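Working notes for the structure below.
Derivation of every value follows stated rules applied to the coordinates shown; laboratory data play no part. Quick caveat: nothing in here was measured; it's all calculated off a predicted structure.
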Amino acid sequence: MIAAGRVAVNGHVITEQGLKADPLNDRIVVDGHPLRVSEKPDVVLLFHKPRLVMTTRDDPGGRRTVMDFLPRKWQNLHPVGRLDFDTSGVLLLTDDGELTHLLTHPSHGAEKVYEARVRGQVSPETVERLERGVRLDDGPTAPCRVKVLAQREKNALVQLTLREGRNRQVRRMLEAVGHAVNSLRRVSFAGVELEGLPAGEYRVLLGGEVKALRKRVEGKVKKISNATRPRSRPKPPKHRAEPKVETKATEAPEKRPAPRPKISSPPARRAAPRVERPALATRIEKKWKS
Ligand code: URA
């Protein structure tokens with residue numbers, strides 16, 4: 001069809017095979033008829049993973065998974081990356097393989113902010129060691145930012161901002177410098193924060209939020225900003241749902257195509273949870289807030 005001169009892109013008849021066009025952005029006409037494409041928007045959910053939930057689609061051991069917290073219509077989504085069974089906090093789920101790749105591939109270095117309650121007091125020297133990088137059995141860690149948010153007699157609350165995402169990395173880093181982790185929570189992933197979303201609940205990111213998220217992670221690795229917000233607790237969402245899930249993430253796609261056109265995304269909403277929120281998770285949440 002191209003060789004026969006029957007295809008036009010943005011008003012120009014094209015004859016070159018292999019020319020790249022974006023059916024959402026470019027006007028493609030065949031035999032004078034515009035090409036129709038379905039514009040099913042990609043979905044991104046922000047889920048507040050509670051502790052004691054698997055970041056997997058299934059668990060052979062019968063433990064709850066993040067998928068248990070989502071209604072049937074979102075069962076096609078997959079978790080972006082992974083949080084440990086005993087870690088709570090920000091977990092994204094999507095059906096967008098390319099976005100998953102951007103968020104999880106080390107070359108894009110999406111920023112992740114964690115808050116860890118650790119045993120013992122954390123000294124400035126320890127902060128420095130963590131920031132410079134510590135030796136783990138799978139290699140030294142990259143430089144990161146570390147801040148002691150609160151210091152008590154027997155424990156401390158530490159914020160770590162990483163661009164890596166190795167298995168149990170935060171726990172292993174802290175253990176490597178002599179601090180066992182009592183609890184761990186991810187408060188931000190690529191700039192997406194919980195903003196008052198209760199544990200076990202989720203909301204659909206708005207089209208503009210997804211666009212901004214994509215913008216933050218595409219392109220080159222950036223320096224870790226100092227501006228990771230410590231413990232600010234933004235206003236809660238208008239509507240809340242009940243219990244929800246956690247997940248594990250997957251790596252995904254290949255190359256990065258041209259920026260997408262503006263697409264309409266579904267309205268932000270919290271769906272009704274299908275699982276009861278465990279009393280334990282509630283207690284832990286309260287503890288974090290206190
Ligand atoms: N680092 C950890 O140790 N655990 C997580 O779940 C995430 C980061």
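Tabulated values for the structure
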{"read-out": "Tensor-based shape of the range 15-124 (alpha-carbon gyration tensor, a/c under 1.5 rounded, otherwise prolate or oblate)", "value": "prolate"}
{"read-out": "Entries in Lys20/Lys112; Lys49/Lys73; Lys20/Lys73; Lys20/Lys215 that, when Cα-Cα distance is taken, lie over 26 Å", "value": "Lys20/Lys112; Lys20/Lys73"}
{"read-out": "Other-chain or far-sequence residues with amide H under 5 Å of Leu205's (modelled H)", "value": "Val44, Leu45, Leu46"}
{"read-out": "Contact order normalised by residue count of the range 112-189, Cα under 8 Å, 6+ apart, percent", "value": "47 percent"}
